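The values are calculated or read from the model by the stated rules, or taken from the named source; none is laboratory data. In this text the structure is predicted, and so the values were computed from the model without any measurement. Cβ sites come from the backbone with ideal geometry, for glycine too, and all protein chains shown count toward neighbours. For the accessible areas, the whole protein counts, side chains as well, though only heavy atoms, and no ligand, DNA or RNA atoms are used. Shrake-Rupley method; radii C 1.70, N 1.55, O 1.52, S 1.80 Å.
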Amino acid sequence: MLNDKIKNLIENLKQGKKLSLQDFTYILENYSKDDFDYIKDTAQKLAIEKFGKKIYFRGIIEFSNICKNDCIYCGIRRSNDNVDRYRLTKDEILECCQEGYEFGYRTFVLQSGEDGHFTDEVMVDVVKSIREKFPDCAITLSIGERSRESYQKLFYAGANRFLLRHEAANKELYEKIHPAVQKWEERFRCLKDLKEIGYQVGAGMMVGVPHQSLENLAEDLVFIQDFRPHMVGIGPFIPHKDTPYRDEKAGSIEVSLLCLSLVRIMLPNVLLPSTTALGSLGGDGRQQGVLHGCNVVMPNLSPMSVRKKYLLYDNKSGVDLDAKTSIETLRKQMEDIGYEVIVTRGDFKE
Ligand code: SAH
């Protein structure tokens, strides 16, 4: 049985009307199996209307697991002494890009901890080198909080997109899952600067991180609705054995999928990855993401030698697959559900 109120809210969202915090909370707290399926179908149809049954793929290069931050949930947090720390050289990063290019990747996502070695000078040099060698590719950075000047320099150097999940729109929640020196205000300052500079910007959050209520998640959806990021990353929280959250439950896949669908409906053109975390909780999470409105997947392009060292959570999928096998596996997974993986930059279009 469809809940009439939820059906109406989804209809409004689809027509571009904004939902309130109460509306999103109502959906998250009251949806039934039928409502869930209805929301999924709506999101899936919209994604197909906008992108066809085509999935963009981005190669993610995890170039350093050294981090000055201490996010309570994250496996590579500074306080975790069990991490074997590494950083790749510029040449190693370029080799990953080269390998990826040959397999058809046209977007490189450079992700890392907040590693002080990568000053503006060093990072600008990396970005410029990729830009020169791969002029037809998009460069996405996911390297955390920096000054506006720094973001500006990296943009001039040739970076096009930036992923910086907002993590929690609710300030109290943000403060519970981060140490006091990591400021909620600063996270949002960064997102605003990135957008103003002209990056295609990605925000997002984990579902089911400790202390998070459904109302908190609704606040995240309201933030996304107002900020209108070009990309949104949402995946379940998964505990890591060497963090204070080791004994916490993983977030719900179902609620993650529901949030992804709601984002697709509120921002029909958004670039929405079916995240690694979704695929890591076992089963067909990544395929489910696509069926719930996602249109991007991000296989790992990091060198095999470092894959097992970049673990934000336990049981991360894909760490044993080389670049060729990951893309083939992915292609097959997508074909199995009637989708096709396509070679293109896949920029955000209004
Ligand atoms: N240092 C960069 C990259 C962070 S890692 C930055 O600050 O943006 C990318 C994302 O992984 C994080 O934004 C977080 O939302 C997610 N993540 C971290 N730990 C996780 C965990 N235990 N379970 C699920 N996702 C996690």
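Structure values in brief
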item	result
Cα point-scatterer Debye curve for the range 164-212, base-10 log of I(q)/I(0) at q = 0.17, 0.18, 0.22, 0.25 Å⁻¹	-0.51, -0.56, -0.78, -0.93
Lysines whose Cα lies under 22 Å from that of Lys54, excluding same-chain neighbours fewer than 8 positions away	Lys14, Lys40, Lys45, Lys324, Lys332, Lys349
Alpha carbon convex hull of the range 145-267, projected area averaged over orientations, nm²	7.9
Shape box of the range 12-71 [Cα atoms, principal axes, largest first, Å]	43, 33, 24
Descending Cα extents along the principal axes, the chain, whole Å	57, 44, 37
Accessible area in square angstrom per residue, the range 193-251, 1.4 angstrom probe	34
Within the range 168-248, trypsin sites (Lys or Arg not before Pro) in DSSP loop having at most 15 other beta-carbon neighbours inside 10 Å	Lys183, Lys241, Arg246
Semi-axis lengths (Å, descending) of the ellipsoid that matches the C-alpha gyration tensor of the range 284-349	22, 14, 13
Packing rank of 107-114, 315-322, where each peptide gets the mean count of other beta carbons within 10 Å, highest leading	107-114, 315-322
Gyration tensor over alpha-carbon atoms, the range 198-240, equivalent ellipsoid semi-axes in Å	21, 14, 6
Most to least packed among 224-230, 252-258, 205-211 [average Cβ atoms within 10 Å]	205-211, 252-258, 224-230
Length released on extending from Ser252 to Val181, taking residue separation times 0.36 nm less the Cα-Cα span	22.6 nm
Residue with peak Gaussian network fluctuation, the chain [Cα springs, cutoff 10 Å], from Lys54, Lys90, Lys17	Lys17
Pairwise FRET efficiency - Tyr156 versus Thr329, Cβ, R0 = 45 Å, nearest 0.05	0.75
The range 78-209 - Debye-derived log10 I(q)/I(0), Cα point model, q = 0.21, 0.22 Å⁻¹	-1.31, -1.37
Taking N as its residue count, the alpha carbon Rg of the range 1-126 over 2.2 N^0.38 Å	1.58
Accessible area per residue, Å², the range 67-147 with all protein chains present, probe 1.4 Å	43
For the chain, built as a Gaussian network whose Cα springs stay under 10 Å, the top-fluctuating residue of Ala169, Ala203, Ala180	Ala180
DSSP bridge orientation in the chain - percent antiparallel, rounded to nearest 5	5
Linear extension gain, Ile342 paired with Met304, 0.36 nm per residue minus alpha-carbon span	11.3 nm
CD proxy at 222 nm, helix term only [per DSSP H run n ≥ 4: -39500 (n - 2.57); per residue of the chain; nearest 500]	-13500 deg cm²/dmol
Gain on full stretching of the segment that runs from Lys133 to Leu2 - 0.36 nm per residue minus C-alpha separation	41.9 nm
Cysteines (scope the chain) whose Cβ has no counterpart Cys Cβ under 4.7 Å	Cys67, Cys96, Cys97, Cys137, Cys190, Cys259, Cys294
Candidate lysines for bridging to Lys183, where Cα separation is under 29 Å - those fewer than 8 sequence places away on the same chain excluded	Lys18, Lys68, Lys153, Lys171, Lys192, Lys195, Lys241, Lys249, Lys309, Lys316
Order by protection proxy (mean Cβ within 10 Å, highest first), peptides 147-158, 335-346	147-158, 335-346
Percent carbon-and-sulfur accessible area, the range 136-179, ignoring ligands, DNA and RNA, probe 1.4 Å	48
